[in-house]
Every structure is written in C-alpha cells, then in structure tokens.
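S.K.: To start, I am sharing the structure in question, which I have written as structure tokens.
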Amino acid sequence: MSAAVNLSAAGRRRLSPGRAGVTFLLWAYAVFALLPLALMVIGSLRPNSDLLRDPAGIPTNLTLDNFVEAWTTGNFAEYFGNSLLITAGSVVITVVVATLASYAIARSRSRIIQGIEALFLSGLVMPLHLAVLPIFFLFEQLGLVDSRLGLTLLYAASGIAFATFVLTTFFRQLPVELEEAAALDGANQLTTFIQIMVPLVRPAIATVAVFQFVPIWNDFFFPLVLLRTESNYPLPVGLTTFFGEHASNYAVAFAGLVITTIPLVALFLLATKQIVAGLTAGMSK
Amino acid sequence: MRRRTALLFTAPALLLFAVFILYPMFTMFSYAFFSWAGTARGGFVGLDNFVTLFTRAPFTTDLPRAAMNNLTFFIGLMVFQNSIGIGIAYALQSRPRIRQSLQTIYATPYLIGPIIVGYLWSLLLSPVFGPVNSALRALGLDSLAVAWLGEPSTAPWVVIGVSVWQWIGFPVLLYGAAFGGIPAELGEAARMDGATNRQVFFRVTLPLLMPAVGTMTVLTFIFAMEVFALPYAFGGSTGSPAGSIDFVSLLFYRVAFGSGATDAIGNASALAVLLFLVIFGGAFAATRLLRRYESRLVG
Amino acid sequence: MSSTARSGRLRRALAIGIAATFAASLTACAPTQSDGSDVTLTVWSWRPEDVDSYNKIFDVFEKENPGITVEFKAFKATEYNQILATGLAGSEGPDVPQVRSFGDLQPTVAAGSLVALDDDIDFSTWDPNLMATALGADDGKIYAVPLARQMWQMYYNKDIFEQEGLEVPTTWDEFIDVNQTLLDADLIPMSLGAKDSWTLPLTHEVVAASRFGGGEFAEKRVTGQTDFNDPDWVASTELFGELAKFFPKDTTGITFGDAQALFTSERAGMFPGGAADLAPLQAANPDLNIGVFQVPAAPDSPEGSGATTANWADGNFGLSSKSKHPEEALALIQWMATPEFGQMVADDIKQISAVPGVQPSDPILREMNELANASGSPYLLYSGFCGGSPCGITTWGSGLQELLLGSKDATTISKELEESVSWFTPAPAQ
C-alpha cells in the first residue's frame, strides 16, 4: 500500500466526520451495486402470483419451488451443464495457447514474433459479433454448426487477444536470470516453461480466466445462430426458451437468472484474491 | 528464445486466431464490396455500399445520430467512471481492512449478463411498476420521478449510469493498483515542502495516474464504439425512445436483420468496416499518444 | 401475431438479446416405424408460446400421413430473422419455416430460399388482402401460405364501462366522452405502451384511420397519387396527438407488456390491441370481462371514409427450396391451406385463420373478424412501406414517439416519414 496516498498524521485519521461521511458513501454505493442482484434473488424466492401482483414489493411468502421447477421442468440442469462445458472448455484452451504464445512473445526478439503480437492485440478492437454471417458459413464448411465444440473453439479464439495482452506484460516482468539458471541445471525450454515460468504468472492466468469466463458464460448471441438443438443450449439461450414458453412465470424465470449468475459470483469470489494480486504486481514496476 | 522455438510456441494460438477470427473478419469486410440479394451474393460493386452509407436513408438520418450517441456515451463514461473510479480507489487506499470486500462488491454487477441487467433496471425504473419512482415520490422528490427510459433526455443517462454501475469494478481495481504503484517518497517530499494533502493529490498523484487513465481511455473508447447488448436490452434494435439510445452497432443489427431491403448485407458490412476503421484508428492514435506521454514522464 | 417484440416486460427484455428459444420437441426425434423410410419434416416458427398447440395440430397430420413425422421448433421472435436467414442459407435448415410478411419476406425470396406455390395450391377463394402478404415483390408469385389474420381494434373492460355508466361509443363525440369519463374517474382511458414504438403506427390506425381515409387512401398512396404530406394524413396525425392526454402519463416509458398489465389489472378502461393479444389478456386475468369495438369515424373524415380495421396476414408458412423431402414438405404445406388446419389454428392457437370459411370459436375473435370483414383496410405502412430500408413502421413509430413527447409536430413527422420512404416506387394504378 502506498504511503503517498496516506493522509498525513496517523492520529487525525480515525475520527473526522469527513472520513466517516466518505465511509458511509462507500457502503451506500455498495448497497446500490447489489440492489438489482438482491431484487433478482428475492424475486426467485417468491411465488409467481405475488410477483405478478406486486413486482418490486416486499416479500411475504418465501419458497424454493421456483428453483426446483427451473432445474427440472425448465431443463436448467442441461443448460447449466452445457454452459460449464463450453465456457470452461474455451477458457482452458485460451489459457493454454495464450500462455505458450505470450511466453514466446515476451522472450523473443524476432520481428515475426512481434508482428504476431501486434496481430493478436488487434483482436482487441475486433467486434466479432459483426462477423456472425461469415462465421456461420465457416462453421457450415467445417461441419461445426450445432456443435458445442465449434462454439468452444470460437470463444477460445476470441479470448486470445486479451489473454495475450495481460500475459505478455507479466512474462516480461520476470527476470531472465530464472531461465538462465534453469538452463544451467539442464532443463529444456518446455520444462522451464511449465515448471518455472507458468506458476509465476498464476495471478495473470487467474485474471484472464475470470475475465474470459464471465462474458462467455453470459453470451447469447453466438449460441443463437450457431446452435440448433435444445440439448446443446447454454444458459442464456435456455433462459429465452424458458421465457418464450412460460412467459408469465416470472418467479421461475428469476430462479433461472439466479442459477445463471450464482456460479459466476462463486468463481469471482474465489479468483478475486489472485486477480488483485496480479493487477497490483503488474502495475508497480 | 530461438525463433524456431518461439514460432512453435505461438503456433497453436495463431492457428486458432487465424481460422476463427481473422478469416471471418476479412470475409465480412469483403462482403461490403459486393451486392446482395438476401443471403445470396451478387457481383462486385466497389465502393457503392459505402457511398450508400452517406447518401441514402436510413443512414443519412440514423448514422450521424447513432455516431453522436456513441460519442456522448464515451464522454459520459469517461467522466463518470473515471471520477467515481478514482474517487473510490483513493478512498479505499486508506481503508485497507474493508478494501477487499468493497472491491469485490463493487465488481459484482459485472457478473450479471447484460440482458438480465437490462431487464432488472427496466423493472426498477418502470414508471408504472418500478420502485425507484415510488421511492422518489415517497421522499417528496416528485419532480425526479420521470419516465427514465421513456424520455429521450434521460434515457441516454440511464445507459451511461447502468454501464458505469456494471463496470466500475474494473477502474476501481486498475486505479487502486496504480495508486499502489506510486512511491511513498514523492508524497512525503512534497509534504515536507509544505504541500497540503489536496495539492499532493492534484499535483503529484494525479499526474502519475495518467498512464492508468490512458489505458482506461483506450479500453473505454473501444467499448463505447462497440456497445450493443445494454442499449439493445433497454431500447430494442431501434434505440427507443425516438432513437435516443440508438448506437452504431444497433444500426448494424437493424439493417442486417431487421429491414426489408434485399441488399442489406452489403450495406451492413460496409457499416461494419467503417466502425472497425474508427475503432482501430482511435485506439491506435490513443495508444501512440499514451506512449509518448509515458516516455515524457519517465525520461 | 406481431412480427416484432411482444408483450411481457420480461419477455421483451430478455427476448431482446438472449438467444433463440427452442421448444421442447414433443415428437420423437428418431423415427420409430418398423416399416420402411420414415421422413421427418422440420417446421420453424417464432411462436414458442404455441408449441403445445402446434404439436397437437401436427399429430393430426401425422395420423393422416403415416410415415411422416413433424418436428416443430420455435425461436424467440426478435432474433428469428437472423436465425431464419442463416438456417435457410445453410444445409440443415427447416423444411417448412414460418416467414415474415410483405417487405420482410423479400430478402428470403430474393435469396431463392422459397418455392413458389402458385401451381400447387389453389388460392383463388382467398382474401387478396391476405394473399398480398405472401407475394414476391418482383415476380408477384405466391411464396407462403397465410396463416392468421391479424387486426387491431379497441379492447375495453365491460365491467368498468358498466361501473362508469358507459356504452360502446358509436360517434366520435361519444368516444371522446368515454375517454374523458374514464380520465375523470382516475382510470387510464387507453392503455398505450409507447416505449415499444411498433405499437404506435397500429394505434394510429385504430383511432385515426378514418380521418386519413382508410383503404382508399392506402390505394392512392401506393399508386403514388398522394404522399404522406397529404392534409388528411397530417390531420389524422394531429388527431392522434390530441388524444395524448388519454394515454397513460409517461407513455413513452411504458412497454407493451406494461400496457397489457395495466389493462388486465383493471387500471385502464381500454386497450388498443391485436387479435393475437386476446389469448394473453385472457390468460393474465381470466375474470376480465373483455369486449371489443371499432373506433367511430373521426370528424372531417374524407367522403365515404368510416370506421375501419387495419388487417393483414401473419405467421405465413413457406416451403424451403432446399428441403431434403420436397414431396412430403409440399404435402404438409398443402395441408396448411385446408379448412381442417385452419379450424385447429382458430381453436387451439386462438388466431383468426386466413383459410376462407373458417370461423374462430372464441366469440370476441369472431366479433373482431366480422367487424373487419364489414369494413377492413390494409395496414398501409406494413403492406406498402416495409419493403426497403428503413421500414416505414420504424420511422413512423419513432416519429409518433416524438409527437407524444412534444418535440415535433404532426406536419414535421409526416414530412420525415415521406422523406424516409424515398426508396419506394409506386405501383401502377388499377
């Protein structure tokens, strides 16, 4: 923590009303940040008739029936499984290929490699959803329409830009001496990479994993066009299926929303520590 | 690292990237140069589709308006997310015990999918059923209980506000880390010279934060130019009400899939190319400026 | 059945982005007949609400045609266009997809995705107004079988009317009185969800079509004898603006779903809506005592122009040119033009069937149908002005929003509408 930002004399810190006011504001904003989420959770615990009468009112009756119904009749178990498969799959693939590539980029002075780095970074500015039609035709040619594998590969490719961006920064910060030492011990490039370098960039990997997991988990656009069978649908698509068929059953819909969002919250809480460490380390050069 | 090894290491990523990103993007760009009948491609037409973007309806009315909206969105985001983000990050620096929890809480809206966000906020702000207006009325602030998403003057602010709400975690984290990277001695030295806390903040800390602000600017610019899901969730593909939250990507979607024009794909692709050039050009220029500023700072 | 974002706040918001809906297919995915080749036909639709009904209906077809299984897949309406476009362009597309009407149909026709049905089905007894929705603009051939007749009229709450001592208005003055009485009683006279701008051109038709001259004006406009700067059109728009005080406060912030909810929770006396909205209204509040009427002719309406109902056909089914089982698919589509199918559509899906001679069983639907038969007119902006970019409905919806917000006047938005349809080429006068 930087002392430059500390308010000066320690004694004056604790009790000033200004400070208390700011702390209050911080917590007030925290409530504001969580409000819609709370609304969603509360909505999922109320019976649908209550919701229709009084959508944002104070709950009186609480029930878990909505979740049961969403999971079973609503097929959310299946959607959940698909989401897990597609999202985790693509994150794993991206992390593997991007870490390999980033290491090479960080450690190589070749012009070609630098060109590749620029290429990957340009991916950050590519609005992929605009290319939905060519992607569809590509999938047709590769026989990947209505395949979860195809979707996974697409997502994995889309994550390369950001992953490279973060990982190259981290790799560049690691001292070259580490590899030199490993080489002296007789290790080859790959072993050095796997056993020494990768563990050192764990915070970066965690960051990349989370920042890729969330948007892919929540994406509705590509599964829309590229998947056809219901049994392949991930959660966001399943949600609409559900809304279409059970239009006025808002309560179960909310339960579906909660099922869709809670895993992300869990993942995020787990990974937060790593991410903060990662970003902080990255910034302070 | 030897070049051959490096190439081997980058090969898998390169292959994946080339097949699923580069190829479709280039194909999409090429679409802009052909005529189209539905989804059947016709002959080469050069820059005709681009000319259409500047001469024919709906582009002559909708494109400038949408572009203005994207720009306002960008400026709004920069102002609010930077001021609030820096403010919060600064306040959190001196509260180490609650920092972790608050940072996590502030970041949770990011986890909610944009469609869900759009739905939840529409519900909260509904003039008929929403609690926000009821609460405002209960507090005696009747004049503020307007149709937030129904007025062209307030709807864009809702989109900006909800975007900031959704993404604030990132600037807070980034600026927090940036604050952490400022050496203590600088502030100490200034204070010893008699500078007040306020002066330290504005004259010492803030300038050193500029690289982080720069990064934030580039990323925000890209986001603001591409934004689709949130305005779609609030205003549909037309940017209702009255096109006040119409953005370029909504226009693209509307033209490509929503109109009766049979040559839609050609025009939509031309629009996509234009958008890409703007984003790429803007990001490139901003990054160059940033590098130059950074080197001036260091050197 | 509207081809744009529909009803419930939730449905709309989530629909708006979240992907496709796929109805659980109740029919077996794999053929189980022991004898010979079983053919599976896929039917696509943007009506996931109707899944169960369609499966029931297709069961009948399957019984009459052993060896054919029909798989019904439904997707969310707001994303249907792109799903259909990619589906028909690919190789695993539908055999019999639901297709859009009028201008929205043209990209599908232009891509060569549909088979012309002129030679295989006899449409001679069908309403030409409905057939117009299924024609290819360039060759005038028929590319789909119209499914349901859509129309908008004014729904009203019979109980509230009785309570306030009101009767169905037969003159314009009576109509204004009804509105005023409801307003004075602290009720919302006409529940309008102007946030969903597509409802506005339709509401304009419901309340003011008589003022611009209904079907006759439509004919003149389409043949280029007049344009949207025509004083009758502008006057009808001003009339719409004058009725603004009878719409809910903050109507531009209220969605179509909210508007329905206001009506079904009996906070509003009237609700301009479509025939396809009857079923959801009844489902939301089964005790609601609903009636329907045509808004009487406005004062100063052109000679011979009276109360009228804008109507068109929607939900049409087409035959894919890439179908792997063209004979069986044709059999299915021919069956969709029969009264047997039409009656099931009327009874199970609760729509007014386009098949001639089929009457809906619901009394309210029947009343709407009869009113439209007595005096109907085309939904001008859809039938004539959605065949290019921008679609007239989008521009006019946005314009009417600005009128309601007070930022533009009737003359200005009419002028802007006219300018926006510069791509339109008039048809020759008949």
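S.K.: For A:76, A:32, what's the fewest-to-most ordering of other Cβ within 10 Å of each Cβ? Let's see the in-between values first.
M.R.: Values: A:76 23, A:32 12.
By the 10 Å Cβ count, ascending: A:32, A:76.
S.K.: What is the list of residues in segment B:78-95 whose amide nitrogen lies under 20 Å from a point 7 angstrom out from the Cα of residue B:293, following Cα to Cβ?
M.R.: Taking a point 7 Å out along Cα→Cβ of residue B:293, the residues of segment B:78-95 whose backbone N falls under 20 Å are B:78-90.
S.K.: Which order results if A:205, B:84 are arranged by neighbouring Cβ count within 10 Å, fewest first? If you can, show how the numbers build up before the last one.
M.R.: Numbers: A:205 22, B:84 17.
The most exposed by this proxy come first: B:84, A:205.
S.K.: Moving on. Report, ordered by chain and residue number, the aspartates and glutamates lying within cross-link reach of residue C:408, taken as a straight Cα distance under 14 Å and ignoring same-chain residues fewer than 8 apart.
M.R.: Counting by Cα, and skipping residues close in sequence, residue C:408 has these aspartates and glutamates nearby: B:151, C:238, C:242, C:416.
S.K.: Averaged over its residues, how many other protein chain Cβ atoms are within 10 Å of peptide C:81-94's Cβ atoms?
M.R.: Taking the mean over all residues of the peptide, I get 5.
S.K.: Hey, quick one: spin label on residue B:26, modelled 7 Å out along Cα-Cβ, who in segment A:130-144 has an amide N within reach, i.e. under 19 Å?
M.R.: A:130-142
S.K.: A follow-up question, please. When the scattering of segment A:75-283 is computed by the Debye formula from its Cα atoms alone, each counted once and equally, what is log10 I(q)/I(0) at q = 0.18 Å⁻¹?
M.R.: Calculated log10 I(q)/I(0) at the listed q: -1.25.
S.K.: Mind checking the angle between helix C:231-242 and chain C's longest principal axis? C-alpha axes, 0 to 90 degrees, to the nearest 10.
M.R.: The angle comes out near 80 degrees.
S.K.: Round to a whole angstrom and tell me the spacing of the C-alpha centers of segment C:265-298 and segment B:160-208.
M.R.: Measuring centre to centre over Cα atoms gives 59 Å.
S.K.: A 20 angstrom limit on the alpha carbon distance is what I want to check against. Which of C:56/C:141; C:73/C:322; C:63/C:141; C:220/C:415; C:195/C:249; C:158/C:245 exceed it? Each step should come with its number before you reach the end.
M.R.: On the way: C:56/C:141 31 Å; C:73/C:322 18 Å; C:63/C:141 32 Å; C:220/C:415 17 Å; C:195/C:249 12 Å; C:158/C:245 22 Å.
From C:56/C:141; C:73/C:322; C:63/C:141; C:220/C:415; C:195/C:249; C:158/C:245, over 20 Å: C:56/C:141; C:63/C:141; C:158/C:245.
S.K.: What's the average, rounded to a whole number, of partner chain beta-carbon atoms within 10 Å of each residue's beta-carbon in A:262-269?
M.R.: 3
S.K.: Then there is this: Between residue C:225 and residue C:138, what FRET efficiency follows from the Cβ-Cβ distance if R0 is 25 Å, with the result rounded to 0.05? Display every interim value, and only then the final one.
M.R.: Working: r = 23 Å, r/R0 = 0.92.
Efficiency computed from Cβ-Cβ geometry: 0.60.
S.K.: Just counting partner chain Cβ atoms within 10 Å, what average do the residues of peptide C:107-115 show around their Cβ? Don't skip to the end; give the middle numbers.
M.R.: Details: counts 13, 3, 3, 9, 8, 4, 3, 0, 0.
For peptide C:107-115, the averaged partner shielding equals 5.
S.K.: Follow-up question, since we're still on this one. Give the order of C:200, B:290 when sorted by the count of other beta carbons within 10 angstrom, beginning with the fewest. Mind dumping the intermediate values first?
M.R.: Details: C:200 25, B:290 17.
Neighbour counts put them in this order, fewest first: B:290, C:200.
S.K.: Between 0 and 90 degrees, rounded to the nearest ten: what's the tilt of helix B:59-93 against the longest Cα principal axis of chain B?
M.R.: The two axes meet at around 20 degrees.
S.K.: What is the angle, in °, between the Cα long axis of helix C:326-335 and the longest principal axis of the Cα atoms in chain C? Nearest 10 is fine, range 0 to 90.
M.R.: Helix C:326-335 and the main axis of chain C meet at about 40 degrees.
S.K.: Let me ask something else. Can you compute the modelled spin-label distance between residue B:188 and residue C:423, with each label point 7 Å from Cα toward Cβ, in nm?
M.R.: Result for the modelled spin labels: 6.9 nm.
S.K.: Continuing with the same structure: Just to be sure I understand the model, the point goes 7 Å from the Cα along the line to the Cβ. What's the resulting residue B:223 to residue B:48 distance in nm?
M.R.: Between residue B:223 and residue B:48, the simple spin-label model gives 4.1 nm.
Read the figures in this text as sums done on the coordinates, not as results from a lab. This structure is a prediction, so every number in the text was calculated from the model and none was measured. Backbone-built Cβ (ideal geometry, glycine too); neighbour counts: all protein chains shown.
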